[in-house]
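Note sheet for the following structure.
Please treat every number below as a calculation from the coordinates, not as lab data. Nothing here was measured: the structure is a model prediction, and the numbers come from that model. Cβ atoms come from the backbone with ideal geometry, glycine included; neighbour counts cover every protein chain shown.
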Amino acid sequence: MINYKQLYYFWCVAKYGGVTRAAEQIHLTPQTISGQVSQLEAYLGTDLFIRKGKRLELTTYGKLAYSHSDEIFQIGRELESLVKGRQDHQDIVLKIGVSAVVPKSIAFRLLEPVQYLQEDFKLVCHEDKLNNLFAQLALHKIDVIIADKPMPANVEVKAYSHLLGESKLSFFGVPKLVNKLKENFPESLNGAPILVPNKESSIRMKLEAWLSEKGISPRIKGVYDDTALMKVFAKSGLGIFPAPDVVAEEAFQQHGVIKLGTVEEIRLKYYAISVERRLKHPAVIAISDTAHDSLFV
């Protein structure tokens, strides 16, 4: 069986960028750490580091070992936090970052079951732009992100995207406006007043590509960072707006808007992004189960 103390020393060297810095952080001599890492390499039968000048760099197997050890010690920290939290009779906290372009109704339906897990569970929600949320995830200021796109490959944050589900795209508006545009949809969108989310939204990107392909040019009457505000303006009759088809019922109940039509070719996907390779936190599992069992059926 692998020696986890040796694995921890290796992880520290990789994390802090060298034996000397690791020794300073965990208050051991460099010789002790170097010796333990060498024993781990001997046990695994491969080099984990290669020296380039004065620097140590991870080998291919070193990168693999660091990835797995990082997850192991992350799980250990989560376990310690959960157990100590219960011993001290403190609330167990889940910090959620919600991308500003995710519809509020979808975020609510995903997060609602978390509130009923147990009495001492507390949900902390923070809404922001996706890039800002990635930075907070990297610093462990939040536990998971709800987003409308997966983790980009060019973002230097070690995290994993877990698909929650997908929905078709539909257009909504007040009955008076919808009735004018109902006939000959989607060609009726040509010149029609439309409200859209900002360019960070996957809806906006997919919508623009679809409109271009169809040769349709609506009149953009407003661009919104907050999709809830966009729906308020739509309620006044300013224009129609695109949204996931799964929010149709809530859109009618809250804003009095009805569906104009659905775009079968566009699929909107939603993700839980976390530092976990596999979802383990009971609250995040509850979010995933809700998505798969009821919201995105």
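General remarks:
- Charge dipole of the chain (Cα centre as origin; +1 on each Lys and Arg Cβ, -1 on each Asp and Glu Cβ, all else neutral): 700 debye, rounded to the nearest 20.
- Per-residue ellipticity at 222 nm from helix content only, as computed over the chain with -39500 (n - 2.57) for each DSSP H run of at least four residues, stands at -13000 deg cm²/dmol.
- Order of Y224, Y61 under a 10 Å beta carbon neighbour criterion, fewest first: Y61, Y224
- Convex hull per residue volume in Å³, alpha carbons only, for the stretch 177-297: 131 Å³
- The modelled label-to-label distance for the pair K221/I285, using points 7 Å beyond Cα in the direction of Cβ, is 4.8 nm.
- Sequence-distant contacts, meaning Cα pairs under 8 Å at least 6 residues apart, place the relative contact order of the stretch 1-73 at 30 percent.
- Karplus 3J(HN,Hα) series, Hz, for the stretch 154-165 with 6.51 cos²θ - 1.76 cosθ + 1.60 (x for Gly, Pro): 8, 8, 7, 10, 7, 8, 10, 9, 10, 5, 8, x
- Cross-link partners of K231 among aspartates and glutamates, defined as those whose alpha carbon lies under 16 angstrom from its own and excluding same-chain residues fewer than eight positions apart: D245, E249, E250.
- Taking 7 Å steps out from each Cα toward its Cβ at Y61 and A153 produces label points 2.8 nm apart.
- The magnitude of the dipole of the stretch 4-84, with charges of +1 and -1 set on the Cβ of Lys/Arg and Asp/Glu and taken from the Cα centre, is near 280 debye.
- Identified option (computed Kirkwood radius over Cα pairs in Å; candidates (1) 25.3; (2) 22.1; (3) 18.6): (2)
- 3J(HN,Hα) couplings calculated from phi for the stretch 218-233 with the Karplus curve 6.51 cos²θ - 1.76 cosθ + 1.60 (θ = phi - 60°) are, in sequence order, x, 8, 7, 9, x, 10, 10, 6, 9, 5, 5, 5, 4, 5, 5, 5 Hz; Gly and Pro show x.
- The simple spin-label model puts a point 7 Å past each Cα toward its Cβ; for Y116 and S236 those points are separated by 3.7 nm.
- One chain, two ends: S34 and D47. Fully extended at 0.36 nm per residue, the span grows by 3.4 nm beyond their Cα-Cα distance.
- At R0 = 45 Å, FRET efficiency that the Cβ-Cβ distance of C125 and A209 yields, to 0.05: 0.90
- Of all the options K129, K180, K52, the one that moves most in a Gaussian network model of the chain with Cα springs shorter than 10 angstrom is K52.
- For the chain, with +1 on Lys and Arg beta carbons and -1 on Asp and Glu, the positive-most of S212, V19, L133 along the dipole: S212
- Ordered by the count of other Cβ atoms within 10 Å of each Cβ, fewest first, T46, T290 give T46, T290.
- Cross-link partners of K214 among aspartates and glutamates, defined as those whose alpha carbon lies under 17 angstrom from its own and excluding same-chain residues fewer than eight positions apart: E183, E187, E264, E265.
- Cross-link table K15/K199; K141/K199; K5/K63; K104/K141; K129/K180, entries beyond 28 Å C-alpha to C-alpha: K15/K199; K129/K180
- Taking C125, C12 and counting other C-beta atoms within 10 Å, the order from fewest to most: C125, C12
- Reference-scaled alpha-carbon Rg (2.2 N^0.38 Å with N residues) for the stretch 222-289: 1.45
- Residue-count net charge about Q254 - beta-carbon cut-off 12 Å; Lys, Arg +1, Asp, Glu -1: +1
- Karplus-derived HN-Hα couplings along the stretch 101-112 (A = 6.51, B = -1.76, C = 1.60, θ = phi - 60°), whole Hz, x at Gly and Pro: 8, 6, x, 4, 5, 5, 4, 5, 5, 6, 8, 3
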